[in-house]
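Trainee: Below: one structure in structure tokens.
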Amino acid sequence: MNRKISRRQVIRYMAAAAGGMMLSPLARLPHVRAQESMAATAADVALTAEEIEMIRGMGLKLGFETNHRTDDFINLLIKGGEDTAAEYGIELIVSEANFDAAKQLADMEALIQQEVDGIFLVAVDSDSISSAIIQANEAGIPVIIIGGAPTRGEVLSVMNSTSYDGCYESTRYLIDAVGGAGKIGVVSIPLALPTIRDRELGTLAAIRESRMQLVGLQPVFAQDAALAAAENMIQANPDITAIFANWSLAINGALAAVDASGMDIKVSGYDAEVAGFQRFEDQANGNAAPILLSLAGQQPLVQGKAGIDALCKAALGQEVAPDILVPTLLVTQDNYREQWDALYPGIAAPWSA
């Protein structure tokens with residue numbers, strides 16, 4: 001007997017074909033870690049005008065699940081996704097977990113129950129999200145994840161900034177600026193994600209290559225906790241010369257701690273957000289102590305668009321690379337105005353108001 005196949009079934013069938021797997025309802029989208037040289041870029045997954053017109057006629061519904069909404073990166077990542085979805089005529093369901101793995105699992109299950117055609121995910125951690133990934137696999141829903149592959153289950157693609165290189169370069173810039181010797185503290189974030197481990201590894205590699213002494217590595221979730229961690233490092237090491245913070249709110253906390261100390265301690269970090277750019281502007285105008293030296297800037301708008309583009313490629317039955325890399329950009333006192341335009345295209349700089 002003939003059976004009518006729905007548009008969503010066709011989309012999932014084609015997404016499965018793009019992954020090169022057996023086409024069964026329970027088939028899982030494969031993810032094999034690629035060599036960096038084999039990774040795709042955001043430009044590689046961008047849709048052509050003809051493909052955009054095809055997507056507009058499909059009536060896609062996608063999910064966009066994030067681990068939090070407390071910093072500029074995530075909010076601009078969502079904006080990149082929302083703007084692209086609106087342009088393509090896609091219904092985009094956005095939800096966030098507030099760093100709560102149980103809530104994220106519930107959010108993912110809700111998206112699966114709504115039979116979305118794909119999910120763009122920023123996970124709380126790679127382990128707890130695995131059961132939701134497996135449920136998406138069983139439902140035939142492709143998932144693109146930022147930060148690293150889950151410990152179980154399969155994703156269509158993993159998207160990452162060049163986290164190791166970004167942290168290495170920014171840490172190296174800091175170390176060189178303070179003369180390559182002295183004491184350095186690191187403020188991190190306690191997320192069990194490969195991209196976070198890459199940040200720490202890049203920072204630690206730069207420190208090992210120098211004559212710097214690491215006096216603390218403190219993971220924290222909030223800006224006030226980062227402030228306290230940096231204050232403790234300063235109090236315990238009054239001769240500390242540098243602090244590296246590997247996420248946005250940690251940078252803000254470290255800067256506040258150094259400002260309050262009145263000491264000549266230099267700060268660099270990973271994440272170039274509005275507060276960091278404003279700090280460079282204040283330093284340039286003599287309105288703040290010249291403490292902040294460098295930031296590794298991710299490209300959230302680019303990543304948000306690329307995530308939607310990649311899910312659309314799968315919906316069109318096209319192959320999607322298992323890895324999508326977006327390079328970080330080094331932001332310093334010398335180039336912060338130019339780098340604003342590169343990282344936040346079309347968005348007015350805070351000093352232009």
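The values are calculated or read from the model by the stated rules, or taken from the named source; none is laboratory data. Source: prediction; values computed, not measured. Heads up, the Cβs are rebuilt from the backbone with ideal geometry, glycines too, and the neighbour counts pull from every protein chain shown.
Trainee: If you take the residues of the range 73-92 that are within 22 Å of S126 (Cα to Cα) and either surrounded by fewer than 20 Cβ atoms within 10 Å (Cβ to Cβ) or of a type in the set (S, T, N, Q) (or both), which of them is farthest from the chain's Cα centre (by Cα)?
Mentor: N75
Trainee: Kindly check whether there is at least one residue in the range 139-147 that is on the phi > 0 side of the Ramachandran plot, modelled with pLDDT of 95 or more, touching a Pro at 6+ places or on another chain (Cβ under 9 Å) and crowded, with 22+ Cβ neighbours inside 10 Å.
Mentor: First, the residues of the range 139-147 that are on the phi > 0 side of the Ramachandran plot: 140, 147.
Those left that are additionally modelled with pLDDT of 95 or more: 140.
Those left that are additionally touching a Pro at 6+ places or on another chain (Cβ under 9 Å): 140.
Then keep just the ones that are crowded, with 22+ Cβ neighbours inside 10 Å; that gives 140.
So far as the range 139-147 goes, yes, one or more of its residues are on the phi > 0 side of the Ramachandran plot, modelled with pLDDT of 95 or more, touching a Pro at 6+ places or on another chain (Cβ under 9 Å) and crowded, with 22+ Cβ neighbours inside 10 Å.
Trainee: Can you confirm whether the range 301-320 contains a residue that is aliphatic (A, V, I, L, M) and closer than 18 Å to A254 by Cβ? Write out each step before concluding.
Mentor: Restricting attention to the range 301-320, the residues satisfying the condition of being aliphatic (A, V, I, L, M) are 301-302, 306, 308, 310-311, 314-316, 320.
Applying the additional criterion that residues be closer than 18 Å to A254 by Cβ yields none.
No, there is no match, as no residue in the range 301-320 is aliphatic (A, V, I, L, M) and closer than 18 Å to A254 by Cβ.
Trainee: Here's something else I'd like to know. Restricting to the range 333-353, count the residues that are among the polar types (S, T, N, Q) and in a loop (DSSP other than H, G, I, E, B). Write out each step before concluding.
Mentor: Applying the first criterion (among the polar types (S, T, N, Q)) to the range 333-353 yields 333, 335, 339, 352.
From what's left, in a loop (DSSP other than H, G, I, E, B): 333, 335.
The number of residues fulfilling the criteria is 2.
Trainee: Could you tell me whether the range 10-28 includes any residue that is buried (at least 16 other Cβ atoms within 10 Å of the Cβ), at pLDDT 90 or above, more than 27 Å from P345 (Cα to Cα) and in the same structural domain as Q113 (by TED's automatic domain parsing)?
Mentor: no
Trainee: Taking the range 42-68 on its own, how many of its residues are closer than 28 Å to R152 by Cβ and at pLDDT 90 or above? Full working, then the answer.
Mentor: Taking the range 42-68 first, the residues closer than 28 Å to R152 by Cβ are 42, 44-45, 60-68.
Going one step further and asking which of them are at pLDDT 90 or above, we end up with 42, 44-45, 60-67.
Of the residues in the range 42-68, 11 are closer than 28 Å to R152 by Cβ and at pLDDT 90 or above.
Trainee: May I ask you to say which residue of I184, I145 is closer than 13 Å to G269 by Cβ and in a strand (DSSP E or B)? Quick ask: steps written out before the conclusion?
Mentor: On the way: I145 fails: closer than 13 Å to G269 by Cβ.
Every option except I184 fails the conditions.
Trainee: Further question: Within the range 258-332, considering only strands (runs of 3 or more DSSP E) that don't extend past its boundaries, which have at least 1 residues that are basic (K, R)? So that I can check it myself, show each step before the final result.
Mentor: Values: elements: 266-270, 292-297, 323-326, 329-332.
It comes to 266-270.
Table: residues versus (1) under 20 Å from L191 (Cβ atoms); (2) out of contact with any strand residue (DSSP E or B) (no Cβ under 6 Å at 6 or more places or on another chain); (3) not β-branched (V, I, T).
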| position | (1), (2), (3) |
| --- | --- |
| Y270 | yes, no, yes |
| Q283 | no, yes, yes |
| A289 | no, yes, yes |
| L295 | yes, no, yes |
| T328 | yes, no, no |
| L343 | no, no, yes |
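Trainee: May I pose another question? Looking at the range 302-310, is at least one residue modelled with pLDDT of 95 or more and more than 19 Å from the chain's Cα centre (by Cα)?
Mentor: There is no residue in the range 302-310 that is modelled with pLDDT of 95 or more and more than 19 Å from the chain's Cα centre (by Cα).
Trainee: Can you name the residue in the range 149-205 that is polar (S, T, N, Q) and within 24 Å of A40 (Cβ to Cβ) and, of all such residues, is surrounded by the fewest Cβ atoms within 10 Å (Cβ to Cβ)? Even if it seems obvious, please write down each step before you answer.
Mentor: Filtering the range 149-205 for residues polar (S, T, N, Q) gives 151, 157, 160-163, 170-171, 188, 195, 203.
Next cut, within 24 Å of A40 (Cβ to Cβ) only: 151, 157, 160-163, 195.
Numbers: T151: 13, S157: 28, N160: 22, S161: 27, T162: 21, S163: 26, T195: 21.
So, considering only residues that are polar (S, T, N, Q) and within 24 Å of A40 (Cβ to Cβ), the one surrounded by the fewest Cβ atoms within 10 Å (Cβ to Cβ) is T151.
Trainee: Could you pull out the residue among F120, F99 that is among the aromatic types (F, W, Y) and buried (at least 23 other Cβ atoms within 10 Å of the Cβ)? Steps first, please.
Mentor: On the way: F99 fails: buried (at least 23 other Cβ atoms within 10 Å of the Cβ).
Criteria check complete, one pass: F120.
Trainee: Look through A136, A177 and report the one residue that is over 17 Å from the mean Cα position of the chain (by Cα), of a type outside the set (V, I, T) and not assigned by TED's automatic domain parsing to the domain that holds C312.
Mentor: On the way: A136 fails: not assigned by TED's automatic domain parsing to the domain that holds C312.
Of A136, A177, the one residue that is over 17 Å from the mean Cα position of the chain (by Cα), of a type outside the set (V, I, T) and not assigned by TED's automatic domain parsing to the domain that holds C312 is A177.
Trainee: Restricting attention to the range 208-237, which residues are within 22 Å of the chain's Cα centre (by Cα), buried (at least 16 other Cβ atoms within 10 Å of the Cβ) and hydrophobic (A, V, I, L, M, F, W, C)?
Mentor: Answer for the range 208-237, where residues must be within 22 Å of the chain's Cα centre (by Cα), buried (at least 16 other Cβ atoms within 10 Å of the Cβ) and hydrophobic (A, V, I, L, M, F, W, C): L217, V220, F221, A225, A226.
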